[in-house]
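The numbers here are math on the coordinates, done by the rules we state, and not lab data. Quick caveat: nothing in here was measured; it's all calculated off a predicted structure. Note that each Cβ is placed from the backbone with ideal geometry, even for glycine, and that neighbours are counted across all protein chains shown.
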Amino acid sequence: MVLDQGSKIWALAALTPGQPVDLLGPILRLNLIRNPGAAFSLGDGVTWLLTLVALGIVIWVGGAARRVGHRWWAVTLGMLLGGAIGNLIDRILREPGFGRGHVVDFIDYFSLFIGNVADIAIVVAAGLGAILAFRGIPLEGVQHGRHEAEHVEHVENVEIDEAGGHGG
């Protein structure tokens, strides 16, 4: 959030709307805009709804954070929270008004879409979350995969055998 807001303050002071600055030619440019919508300029007419969605994400992450038991889920939720708060600050404090503020975007990718540091954090968090979910790692950090269940069953059987019981 701090990096996002700091970069936006810099962009507003250093860049001029409509005058892109090439960093890597058309691949990566700095191009200042004020975005009333979401990614890919969707939702231009419902900025207030996007504000509520961002607020909902912040509340959800706050609740979910108490259950985190895995380091990478903590990183993922931290990035999601920072990104959501970074853009929420813009929606609350920037023009044209409370809850309807336009987000400062300035990182132009391939002239296809323009985002900011908060957007990068949100996208990386989504990717990390997908990887963690695909690997079966729950938020709480306890992984109950097939191999672990087989190991537990084997250990239980060995203990029963050693005690003179039935084992498999």
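Details
- Calculated P(r) of the stretch 71-126 - Cα pairs past 12 Å, %: 66
- Label-to-label distance, nm, for residues given as Leu49 and Leu3 (7 Å Cα→Cβ offset): 3.2
- Straightening the chain between Arg100 and Gln19 buys 26.6 nm, computed as 0.36 nm per residue apart minus the Cα-Cα spacing.
- Under 12 Å from a label point set 7 Å out along the Cα-to-Cβ vector of Arg34, the amide N atoms of the stretch 77-103 belong to 91, 93-98, 100-103.
- Here the label points at Ala133 and Leu93, each 7 Å from Cα along the C-beta direction, are separated by 3.2 nm in the simple model.
- Rg and Dmax of the stretch 2-137, Cα atoms only, in Å: 15.6, 46
- The chymotrypsin sites (Phe, Trp or Tyr not before Pro) of the stretch 82-143 that meet both conditions, a loop assignment by DSSP and at most 13 other Cβ atoms within 10 Å of the site Cβ, are Phe98, Phe110.
- Net +/- balance of residues flanking Gly115 in space, Cβ distance below 14 Å, scoring K and R +1, D and E -1: -2
- Extension gain for the segment Arg66 to Ile27, taken as residue separation times 0.36 nm less the Cα-Cα distance, is 10.0 nm to one decimal.
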